[in-house]
Amino acid sequence: MGVLDGKTIVFGVTGGIAAYKSCEAVSRLKKLGATVCVIMTKNATEFVAPMTFETLSNQPCVVDTFARPERWEVEHVSLAKRADLFVIAPATANIMAKLAHGIADDMLSTTCLATRAPMLIAPAMNTGMWENVATQENLKILQARGMHFVGPEGGYLACGDVGAGRMSEPAQIVERCVQLLTAARDMQDLRVLVTAGPTCENIDPVRFITNRSSGKMGYALAEAALRRGAQVTLVTGPVSLTPPQGAQVEPVRTTEDLLQRMLALAPEQDIVIQAAAPADYRAQQIAPQKLKKQGDGALTLTFVPTPDVAKAVGEGKRDGQILVGFAAETETAVENARKKLDSKHLDMIVANDVTQPGAGFDVDTNIATIITHQQAESLPIMTKKALADEILTRALALRG
């Protein structure tokens with residue numbers, strides 16, 4: 001019995017010198033029990049013959065959108081529906097651009113557009129192409145849509161350059177496939193509410209105060225909970241991220257908006273994770289017109305506290321419900337987090353010092369200490385997606 005028995009992987013190969021590495025990746029996946037269906041672009045066939053992949057996978061290798069199929073079915077739709085996972089390795093700058101902008105002009109890009117399977121992309125290209133602003137913008141688009149990436153690695157490239165752009169090794173790609181396909185479904189039918197992002201408090205019709213929260217941690221938590229089988233409600237402040245498919249999305253803007261949505265939604269949830277960063281203060285008076293600069297004179301504004309959302313949710317906590325909070329601090333993070341753990345009736349709190357490199361706002365990594373009433377555990381730097389799973393696993397353990 002292989003670890004991937006019963007799983008179907010559609011494996012896309014595009015036109016790059018790293019295509020030869022994909023032969024090993026397909027072979028490894030087949031040995032783990034997966035059914036591997038390879039789609040090649042015409043450019044990819046200049047590097048590796050389709051027969052190579054057919055021999056390794058024991059499946060037809062598809063290249064031409066208009067080739068007559070062996071059995072009557074619309075092949076790109078059939079493959080899209082069969083896929084448990086869609087892999088593209090190597091993924092050129094060209095295919096990343098097509099995916100980002102919905103272009104479907106060959107068999108691979110057409111099937112990608114039709115599938116609802118999770119997608120794993122292994123980029124491979126010249127360093128200049130990888131670092132080009134267009135490629136980086138496309139990368140952000142695809143990441144925001146929930147696509148998974150492995151690599152690229154740094155090193156000596158076939159073109160002679162030294163830098164980022166080398167495709168990850170087959171073993172790394174296969175390991176990531178196994179992780180994605182064997183994720184635990186240990187939150188099946190649990191109701192999980194996650195908050196994410198900042199809130200905004202108006203000063204006048206054109207100005208507001210907010211904070212630097214990007215929403216990445218909350219969105220990673222929502223995505224991970226969905227992957228593990230939960231029914232997810234995502235209450236989100238204004239961010240530039242695309243919500244994970246399958247979540248019930250509840251947009252909010254102000255801290256008062258957040259409070260009202262949480263009071264309405266939280267009582268029905270099994271786990272509530274408050275990763276949002278609501279503003280602590282708002283203007284006492286919102287100016288009805290734009291505040292004008294008055295020469296060189298100073299402008300004085302009076303701010304008053306906003307509602308304490310976490311405390312309000314905690315006061316309404318029901319038996320069996322798990323409440324998780326976050327504490328983004330700039331000093332004595334653990335001590336400050338312990339105070340919030342008690343005062344807001346939380347079961348667990350995730351503390352991080354946002355002044356540390358690799359932690360905090362606008363980055364894809366975090367450095368956290370997870371604190372319960374029994375213990376505090378400091379975790380090493382990791383991606384926010386990896387931290388999301390750590391948080392969910394510990395929240396589940398608290399349910400007993």
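In this structure, Ile141 qualifies as open to solvent by 30 Å² or more (accessible area, probe 1.4 Å), of a type in the set (A, V, I, L, M, F, W, C) and touching a residue at least 40 places away in the same chain (Cβ under 8 Å). Looking across Arg176, Arg191, one residue alone is open to solvent by 70 Å² or more (accessible area, probe 1.4 Å) and basic (Lys, Arg). It is Arg191.
Of the candidates Ala134, Ala100, Ala122, Ala89, the single residue that is under 30 Å from Gly218 (Cα atoms), open to solvent by less than 20 Å² (accessible area, probe 1.4 Å) and in a helix (DSSP H, G or I) is Ala100.
Given the condition surrounded by 19 or more Cβ atoms within 10 Å (Cβ to Cβ), polar (S, T, N, Q) and closer than 25 Å to Pro152 by Cα, answer yes or no: does some residue in segment 23-33 qualify? Within segment 23-33, none of the residues are surrounded by 19 or more Cβ atoms within 10 Å (Cβ to Cβ), polar (S, T, N, Q) and closer than 25 Å to Pro152 by Cα.
Within segment 212-261, restricting attention to residues that are of a type in the set (Gly, Ala, Ser) and surrounded by fewer than 19 Cβ atoms within 10 Å (Cβ to Cβ), the residue that is nearest to Ala359 (Cα to Cα) is Ser240. Among residues of segment 262-282 that are touching a residue at least 24 places away in the same chain (Cβ under 8 Å) and among the hydrophobic types (A, V, I, L, M, F, W, C), those with a beta-carbon under 7 Å from a residue that is surrounded by fewer than 22 Cβ atoms within 10 Å (Cβ to Cβ) and in a helix (DSSP H, G or I) at least six positions away or on a different chain give the pairs Leu263/Ala312. In this structure, does Ala158 turn out to be surrounded by fewer than 15 Cβ atoms within 10 Å (Cβ to Cβ), at pLDDT below 85, closer than 30 Å to Ala327 by Cβ and hydrophobic (A, V, I, L, M, F, W, C)? In short, no. So is Ala183 more than 30 Å from Arg253 (Cβ to Cβ), assigned to a helix (DSSP H, G or I) and in contact with a helix residue (DSSP H, G or I) (Cβ under 9 Å, 6 or more places away or on another chain) or not? Spelling it out, it is not the case that Ala183 is more than 30 Å from Arg253 (Cβ to Cβ), assigned to a helix (DSSP H, G or I) and in contact with a helix residue (DSSP H, G or I) (Cβ under 9 Å, 6 or more places away or on another chain). Residues of segment 204-254 that are hydroxyl-bearing (Ser, Thr, Tyr) and either more than 20 Å from Glu390 (Cα to Cα) or touching a residue at least 60 places away in the same chain (Cβ under 8 Å) (or both): Thr210, Ser213, Ser214, Thr236, Ser240, Thr242, Thr254. If I ask for residues that are without any contact (Cβ under 8 Å) to a residue 24 or more places away in the chain and either among the hydrophobic types (A, V, I, L, M, F, W, C) or open to solvent by less than 30 Å² (accessible area, probe 1.4 Å) (or both), which ones from segment 366-400 would you list? Within segment 366-400, Ile367, Ala368, Leu379, Ile381, Met382, Ala386, Ala397 meet the criteria.
Report yes if some residue within segment 69-86 is of a type in the set (A, V, I, L, M, F, W, C), closer than 22 Å to Met167 by Cα, modelled with pLDDT of 90 or more and surrounded by fewer than 23 Cβ atoms within 10 Å (Cβ to Cβ); otherwise report no. No; the residues of segment 69-86 include none that is of a type in the set (A, V, I, L, M, F, W, C), closer than 22 Å to Met167 by Cα, modelled with pLDDT of 90 or more and surrounded by fewer than 23 Cβ atoms within 10 Å (Cβ to Cβ).
Taking the stated definitions as given, is Lys385 in a helix (DSSP H, G or I) and more than 18 Å from Gly215 (Cβ to Cβ)? Spelling it out, it is not the case that Lys385 is in a helix (DSSP H, G or I) and more than 18 Å from Gly215 (Cβ to Cβ).
The values are calculated or read from the model by the stated rules, or taken from the named source; none is laboratory data. Quick caveat: nothing in here was measured; it's all calculated off a predicted structure. In this analysis, Cβ positions are derived from the backbone assuming ideal geometry, glycine residues included, and neighbour counts consider all displayed protein chains. Protein only, heavy atoms only, side chains kept; ligands, DNA and RNA dropped before computing areas. Shrake-Rupley method; radii C 1.70, N 1.55, O 1.52, S 1.80 Å.
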